[in-house]
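**Student:** Once you've had a glance at the structure underneath, I'll fire off some questions.
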Amino acid sequence: MALLDRFRSQSRHKHPDAAVRLAFVQEIPLDERDLLIEVAREDPDARVRRAAVGKLMDPAVLAAVASNDADESVRTQAIGMLRDIALEAFEGIGEPESLAAVDALADMKTLVAIARNAPRESSAQRAVARVTESHALGSIARHGGHESVRRTALDALQDHAEILSVALNSEFKDPTIAAVDRIGDRHELEQIAARAKNKSAAKRARAIVREMDERAAAEAQDALAAEAAAAAAAAAESAAAAAKAAEPDPAEVERAEREDADRRAAQAREEAERAEVERQARETRDARARARVAVCERIEQLDGAAALEELEIARAEWEGMPALDDRAAHAELTRRFDQAAHACERRHAEWKESERRRARLAELADEAARTAAFEDLTVARRQFNVIRREWHGLTAGTAGDPDVAARYAEADATFRARDAAAHEDDQRARREALIRLQQLAGRVEAIAARTDLSLKAGERALKEMRTALGAIPQLPSKRDYEEIIRRLKAAQTALIPKVQELRDVADWQRWANVGIQEQLCEKMEAVKALDDPEEIAKQVRELQQQWRQAADVPRAQGEALWRRFKAAHDEAWKRCESHFAAQAEARAENLAKKVALCERAESLAGSTNWIQTADEIKKLQAEWKGIGPVTRGQEKTIWERFRSACDRFFTRRHADLAERKARWAENLAKKDALCAKVEALRESTDWDATASEIKRLQAEWKTIGPVKKSRSEALWQRFRGACDHFFLRYAQRHDVTRSERIAAREAICQELEGLAVDSRQSSVDNQESPVVSHEATVDSPQSAMPSPESAIRNRGAAP
């Protein structure tokens, strides 16, 4: 693929994201047949292929997908579409498409469904012609929707059990009677007469059984009549012979007279019997009339599923009844019977239509639930509209099954929610498209209003405008469409003159760049006279930079100038190649040195000898600064490698230092606490207990780790000073006790001396007083105190 081809926008059906392709397929109209076929055959994602198949109406392509696609769900979708086309579930499907779909199907179950339910007779005939299984043919013969299809399936049946099943279970008259005519077993005929769903078949079976019985009875009666005739002939011959041989006899005469009297008596009896017979005949006629009336009344009450069966039974009874002697009454009852029978058939047809409607409503509810779950919302919307129209047509003016209605309502609500969500998504997409176009219009309007507009920005904006105007997406309203078209065209009209002016300026600049490039070619040719390689390289680079700034020239002149500039550049650059080779060799050596430094730094990065290792790494860093540049392109890599090794060591060192500082702070707090405890005990005189406690604190001090060096010595001197102070006092505890006693006695002496002074002052006061109390002299407290002289004498006594 060419480089520019990668920047061209691809069709959404080629997008690498399957979700984008799926959304695109759902938006493709049905008349985009070639695009749908391409997606259905070639898309790698089964969901996208399945969505495309759901929109295909080509039986040949659907047959190929149903046979060759690797994904079972896609094959199933293709078979379902062929079935729906054959059943003409979509609008606009004609007979050729329906027949082609039937020819493309190979699934026997689907063919049976089409033969039974296809609305077009030719499609059903085409489907039944491809069915070969006996059970499938029997199913079509029993339940097919067209009479000719049922007869075709029955004619193709050779399985006697299936023929009997058709006669027993089909509700249609034509296949059941034909099936009954193909059955000759009396037991099976009796079974059909008793259990057949179609009453015409049961009647036909009973007639055949009756014909069998009548033939057997006629044959037996004929045999008995022949025997009786032969016996009568023999008796007549014997009587004639006897009469010829006999002569008149008085006894015979008398016998004859008696016989005559008996004959007259018999005649009288016969007349009486005739009268009785006539009476019984009248009663019989009345009973027959009542029986016919009862049959008519029973037929008039028939309704429901068994109505036709009861009607056939009543008809059989009616046909078996003897005719009435009164023709007028017979005709009246016959007319009533026919009217009742027609009314019963009409009620049964209405009931059957109601049952058919109920069953179809249940099927529609199931189809609605399946359709509501279709992934392709376009196909679901089309099919659901068909289902909804048929549902409303069937439920108009009638009350259906509440459960079925609830299922349909749930499916309808689900589909409406999906449809509303899709509509909301479409509206949101339209709003977003409008926002994008408005932003584009605003951006282009701002660009058109700029005074520092560049040609590149203007041409890019014009290109965006042309692209947007060439493919305006669907917008929320026609007014929005007209407004955005107006804004875009207005912005385009305002921008075109400015872009044209910039193009003219660019043309002039290209013309001016021709002169600049000629000057640069002359300068590059003059560089060849220089001797310093570094200066040559410097000027070559500067000239290259200037050439880039003036690179836009007319193509015809630019090629020649570029060749001239390139030739001068190559000739000048050859003089620098040896210099650059040596420079490259030096850079390679520098790179090797820095690699060695990186390896040394990496070997030290894991060290825990923090101070020594830090000094060594600092030496490596100083050595690194003394090494020159390295090979071009390696500078960043080698520097990051060295810095990473150094940072790894110093990061570990800082983390260790932070950890140690935390431990030092903790130890400092503990030792501060010990110092405070010892300082509180330094002046104690509870010598033994305090000594034990201070020794315990000293032992605890040894278990605490180090603290920061700047605080360690001062803290130790503080703790040791407090301990030494106590133990110095502890060593001098006896002297201390003695000193304390002396001090106490000194205090007592001082107190006594103060009392003596007070006593002398009191005596002077008493002497000056004219009246002295005797009690005061005798009971004065000072009289019990030692004299000052004795106190002085005792001051230096031993403790």
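**Student:** Within the stretch 372-386, can you find the residues that are polar (S, T, N, Q) and either buried (at least 17 other Cβ atoms within 10 Å of the Cβ) or in contact with a strand residue (DSSP E or B) (Cβ under 7 Å, 6 or more places away or on another chain) (or both)? Outline the logic, then answer.
**Tutor:** Step one: of the stretch 372-386, the residues polar (S, T, N, Q) are 378, 383, 385.
The answer is Thr378, Gln383.
**Student:** Here is a follow-up. Of the residues in the stretch 387-428, how many are surrounded by 15 or more Cβ atoms within 10 Å (Cβ to Cβ) and of a type in the set (A, V, I, L, M, F, W, C)?
**Tutor:** Residues in the stretch 387-428 being surrounded by 15 or more Cβ atoms within 10 Å (Cβ to Cβ) and of a type in the set (A, V, I, L, M, F, W, C): 8 in total.
**Student:** Taking the condition open to solvent by 50 Å² or more (accessible area, probe 1.4 Å), at negative phi and among the aliphatic types (A, V, I, L, M), does Ile536 pass? Even if it seems obvious, please write down each step before you answer.
**Tutor:** Values: open to solvent by 50 Å² or more (accessible area, probe 1.4 Å): no; at negative phi: yes; among the aliphatic types (A, V, I, L, M): yes.
So Ile536 does not fit the description; no.
**Student:** Same structure again: Consider the stretch 322-366. How many of its residues are open to solvent by less than 40 Å² (accessible area, probe 1.4 Å) and outside any helix (DSSP H, G or I)?
**Tutor:** Counting residues in the stretch 322-366 that are open to solvent by less than 40 Å² (accessible area, probe 1.4 Å) and outside any helix (DSSP H, G or I) gives 1.
**Student:** Further, regarding this structure: For the stretch 667-688, which positions are of a type in the set (S, T, N, Q) and out of contact with any helix residue (DSSP H, G or I) (no Cβ under 7 Å at 6 or more places or on another chain)?
**Tutor:** Within the stretch 667-688, Asn667, Thr685 meet the criteria.
**Student:** Here's a follow-up. Being under 16 Å from Tyr730 (Cβ atoms) and hydrophobic (A, V, I, L, M, F, W, C) is the filter here, so list the residues in the stretch 667-695 that pass it.
**Tutor:** Val678, Ala680, Leu681, Trp687, Ala689, Ala691, Ile694
**Student:** On the basis of being open to solvent by less than 20 Å² (accessible area, probe 1.4 Å) and over 34 Å from the mean Cα position of the chain (by Cα), does Gly138 make the cut?
**Tutor:** When the stated conditions are applied, Gly138 passes them.
**Student:** Could I ask something else about it? Any chance you could count how many residues in the stretch 644-670 are open to solvent by 80 Å² or more (accessible area, probe 1.4 Å), closer than 18 Å to Lys618 by Cα and in contact (Cβ under 8 Å) with a residue 24 or more places away in the chain?
**Tutor:** Qualifying residue count, the stretch 644-670: 1.
Yes/no per residue for (1) under 30 Å from His569 (Cα atoms); (2) exposed (fewer than 13 other Cβ atoms within 10 Å of the Cβ); (3) of a type in the set (Val, Ile, Thr):
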{"residue": "Glu459", "(1), (2), (3)": "no, no, no"}
{"residue": "Lys463", "(1), (2), (3)": "no, yes, no"}
{"residue": "Ala468", "(1), (2), (3)": "no, no, no"}
{"residue": "Leu475", "(1), (2), (3)": "no, no, no"}
{"residue": "Ile484", "(1), (2), (3)": "no, no, yes"}
{"residue": "Pro497", "(1), (2), (3)": "no, yes, no"}
{"residue": "Trp508", "(1), (2), (3)": "yes, yes, no"}
{"residue": "Val527", "(1), (2), (3)": "yes, no, yes"}
{"residue": "Leu530", "(1), (2), (3)": "yes, no, no"}
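**Student:** Look through the stretch 310-321, keep the residues that are open to solvent by 60 Å² or more (accessible area, probe 1.4 Å) and at pLDDT 80 or above, and return whichever of them is farthest from Arg288 (Cα to Cα).
**Tutor:** Glu310
**Student:** Among the candidates Ala691, Ala673, Ala714, single out the residue that is over 30 Å from Arg660 (Cα atoms), of a type outside the set (D, E, K, R) and either open to solvent by less than 80 Å² (accessible area, probe 1.4 Å) or at pLDDT 85 or above (or both).
**Tutor:** Being over 30 Å from Arg660 (Cα atoms), of a type outside the set (D, E, K, R) and either open to solvent by less than 80 Å² (accessible area, probe 1.4 Å) or at pLDDT 85 or above (or both) holds for just one of Ala691, Ala673, Ala714, which is Ala691.
**Student:** With the checklist (1) open to solvent by 80 Å² or more (accessible area, probe 1.4 Å); (2) at pLDDT below 85; (3) closer than 20 Å to Glu602 by Cα; (4) among the basic types (Lys, Arg) in hand, flag the one item Arg641 doesn't pass.
**Tutor:** Arg641 satisfies all of (1) open to solvent by 80 Å² or more (accessible area, probe 1.4 Å); (2) at pLDDT below 85; (3) closer than 20 Å to Glu602 by Cα; (4) among the basic types (Lys, Arg) except (2).
**Student:** Taking the criterion of being of a type in the set (Phe, Trp, Tyr) and touching a Gly at 6+ places or on another chain (Cβ under 9 Å), would at least one residue in the stretch 695-702 satisfy it?
**Tutor:** No: zero hits.
**Student:** Against the condition more than 29 Å from Ala622 (Cβ to Cβ) and open to solvent by 40 Å² or more (accessible area, probe 1.4 Å), how does Glu577 come out, does it pass?
**Tutor:** Yes: the conditions hold for Glu577.
**Student:** Looking at the stretch 602-637, which of the residues that are modelled with pLDDT of 85 or more, buried (at least 16 other Cβ atoms within 10 Å of the Cβ) and β-branched (Val, Ile, Thr) is nearest to Glu589 (Cα to Cα)?
**Tutor:** Ile617
**Student:** Taking Ala328, is it of a type in the set (A, V, I, L, M) and out of contact with any helix residue (DSSP H, G or I) (no Cβ under 9 Å at 6 or more places or on another chain)?
**Tutor:** Here the answer is yes, as Ala328 does meet what is asked.
**Student:** Here is a follow-up. Tally up the residues in the stretch 277-307 that are open to solvent by less than 60 Å² (accessible area, probe 1.4 Å), assigned to a helix (DSSP H, G or I) and at pLDDT 80 or above, please.
**Tutor:** Of the residues in the stretch 277-307, 10 are open to solvent by less than 60 Å² (accessible area, probe 1.4 Å), assigned to a helix (DSSP H, G or I) and at pLDDT 80 or above.
**Student:** Identify all residues within the stretch 540-559 that are surrounded by 13 or more Cβ atoms within 10 Å (Cβ to Cβ), at pLDDT below 80 and assigned to a helix (DSSP H, G or I); write none if there are none.
**Tutor:** Within the stretch 540-559, Gln557, Gly558 meet the criteria.
**Student:** I've got another one for you. Given Ala66, Ala70, Ala52, Ala40, which one is open to solvent by 10 Å² or more (accessible area, probe 1.4 Å) and either out of contact with any helix residue (DSSP H, G or I) (no Cβ under 9 Å at 6 or more places or on another chain) or in a helix (DSSP H, G or I) (or both)?
**Tutor:** Ala66
The values are calculated or read from the model by the stated rules, or taken from the named source; none is laboratory data. Please read these numbers as outputs of a predicted model, since none were measured by experiment. Glycine also receives a Cβ, built like all others from the backbone with ideal geometry; neighbour counts cover every protein chain displayed. For accessibility, only protein heavy atoms count, side chains too; no ligands or nucleic acids. Shrake-Rupley method; radii C 1.70, N 1.55, O 1.52, S 1.80 Å.
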